[in-house]
Amino acid sequence: MTIQKFRTIDLIVLSTIAVIVDVVGYFASQSALIFLYVALSTPIMMIAYIRWNYRGLIINIVSIILYTILYKNFELIPMIGYALSVMSIGLVMLWFKVIPRNQIKNEILTLTLYFVSGYVMLFMIQAFTQYLMSNEIQWITLIARHSVNFILGWIIMFIASRQQDFMVDMHGYLLKQIEERKKEGF
């Protein structure tokens, strides 16, 4: 299997997981838990960036399309605000200029800064969108809705970081594996 095929399959799997957790969150929010919206695709996006760099942005696009389908009766401004907030998570890839992708998982502080910086971008753009729509920001509601997502998302990132070869630059990792197999005579 080529690296490109592996990447495609890997991104399809990660996108599918992101869709599933967001759909479950959507239907949970439609029930008695309307105040609580659990959307755990954010850590999946951030893991995909570490694994595939900018190619992981495909999950952001899938998430935006899913949001558009699920919330089809929303107005244009919230849709644009959501799309911008989800795409802004990709700005965490700026960390890759300072810290190699493979090292983000090694220290709890860098992992936390990586996750927090992406989540803060998402949160602030959603707060700004709320302000544009109603000339006020309902901080308590916004913080309460995002607190659960933030905590669960960080736990997912932490667990993923403890897996040996999960949060790594997959292109480099696969090239290394190919080289090792060649040396072993496979």
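Coordinate-derived values only; no laboratory data. Quick caveat: nothing in here was measured; it's all calculated off a predicted structure. Every residue, glycine as well, gets a Cβ built from its backbone with ideal geometry; the counts of neighbours run over all protein chains shown.
Computed from label points 7 Å out along Cα-Cβ, the spacing between Ile159 and Tyr173 is 1.7 nm. The mean sequence distance of close C-alpha pairs (under 8 Å, at least 6 residues apart), as a share of the length of the chain, puts its relative contact order at 25 percent. Qualifying trypsin sites (Lys or Arg not before Pro) in the stretch 1-110, where qualification requires a DSSP coil assignment and no more than 13 other C-beta atoms within 10 Å, comprise Lys72.
Neighbour counts of C-beta atoms inside 10 Å place Glu107, Glu184 in the sequence Glu184, Glu107, starting with the fewest.
Here the stretch 61-186 is assigned +1 on the Cβ of each Lys and Arg and -1 on the Cβ of each Asp and Glu. Its dipole about the Cα centre then comes out at about 240 debye. Considering only Phe96, Phe123, Phe150, the mean-square fluctuation computed in a Gaussian network model of the chain, springs between alpha carbons under 10 angstrom, is largest for Phe96. For the stretch 108-163, the Kirkwood hydrodynamic radius comes to 12.3 Å, computed from all pairs of different C-alpha atoms. Comparing Gln126, Gln30, Gln103 in a Gaussian network model of the chain where C-alpha atoms under 10 Å apart are linked, the largest mean-square fluctuation is found at Gln30.
Reported value for the chain: 123 Å³ per residue, from the convex hull of its C-alpha atoms. Under a 10 Å cutoff between Cα atoms, tell me which one of Leu11, Leu109, Leu66 has the largest fluctuation in the Gaussian network model of the chain. Top of the fluctuation ranking is Leu109. Label-to-label distance, Leu91 versus Tyr131, with points set 7 angstrom from Cα along the beta-carbon direction: 1.3 nm.
Ranking Ile80, Tyr54, Val116 by how far each Cα lies toward the positive end of the dipole of the chain (charges on Cβ) leaves Tyr54 at the top.
Would you please state which residues of the stretch 1-18 a label at Phe166 would reach in this model, taking the label point 7 Å out along Cα→Cβ and a backbone N cut-off of under 14 Å? Under cut-off, by backbone N: 14, 17-18. The residues neighbouring His171, those whose beta-carbon lies less than 9 Å from its own, together hold a net charge of +1 under the Lys/Arg +1, Asp/Glu -1 convention.
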